[in-house]
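Inspection log for the structure reproduced underneath, given as structure tokens.
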Amino acid sequence: MADQPDQTLNFYALLIGIDYYLPNRLYKNLKGAVRDINLVASYLSETLKIPSERIFKLTSPNPEVAEIIETKNPEPTYENIVAKFKAITELAQPGEQVYIHYSGHGGRTTTIYPELKGKDQLDEGIVPIDIGNESGRYLRDVELATLLKRMTDKGLIVTLVLDSCHSGEATRGDDVAIRGTGETDTAPRDSESLVAQRQELIENWHALTDGIPASITPGHWLPQPRDYVLLAACRP
């Protein structure tokens, strides 16, 4: 047994939990997302013995929730989320495992990729803390697909958990502000992506969907998963 490799050195985690959002019209503050992320982090570090330097956390605690006491983590802004995806993709080596867990609001907004989805269709995605800023952006499904494709193209073993949209439920303590909204965001948003150039995003989406318009399968954040495991609690 002594000559077996230490599996804890073959594992990276990106944990994103957002309870507090900068003031905005659509997304209320939550109460259970950061708690869930902290529980996952504790399990990884205390039970699986994953070194702390391999666990990346982006959290935004709700100041009204007294039990949330933690060291200061980087905020889950759009820029920081993209940067952490890129950092883990660069650090992890082929064959290593990457676990990504997002807990917070999911959103829908008018697509900025009509050539992919059709006119007046929707982009779905993660709602960063700074969505209320004038320059606030969603991490859109088209962008997330490219971030994941880069990981799997490198040979990483990826598991993605999306705990968002209407998955809060009253039993999760989020009954006042379920993790999503039924309203579509029609506000103009910056279409420049920090993930990749537009052409790369479009080409990757085509490759992952085999050219089938996303509007044919409404309600799915991402194309049918390829080379990674997706666990999603999205929509009612």
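The values are calculated or read from the model by the stated rules, or taken from the named source; none is laboratory data. Computed from a predicted structure; not experimentally measured. Note that each Cβ is placed from the backbone with ideal geometry, even for glycine, and that neighbours are counted across all protein chains shown. SASA here: full protein model, heavy atoms, side chains in, ligands and nucleic acids out. Shrake-Rupley method; radii C 1.70, N 1.55, O 1.52, S 1.80 Å.
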Given unit charges at Cβ for Lys, Arg (+) and Asp, Glu (-), the dipole magnitude of the range 30-118 about its Cα centre in debye, nearest 20, is 140
Bounding extents of the range 94-165 in its principal axis frame from Cα atoms, largest first in Å, are 39, 28, 21
List the lysines whose Cα sits under 21 Å from the Cα of Lys149, skipping any in the same chain fewer than 8 residues away.
Lys84, Lys86, Lys117
Please compute the Cα-Cα pair-distance distribution of the range 1-159 with 10 Å bins starting at 0, giving whole percents from short to long.
10, 35, 34, 16, 4, 1
With 0.36 nm assigned to each residue of separation and the Cα-Cα distance removed, Thr152 to Lys72 gains 25.7 nm
Could you pull the accessible area for Arg226 with a 1.4 Å probe, rounded to 10 Å²?
90
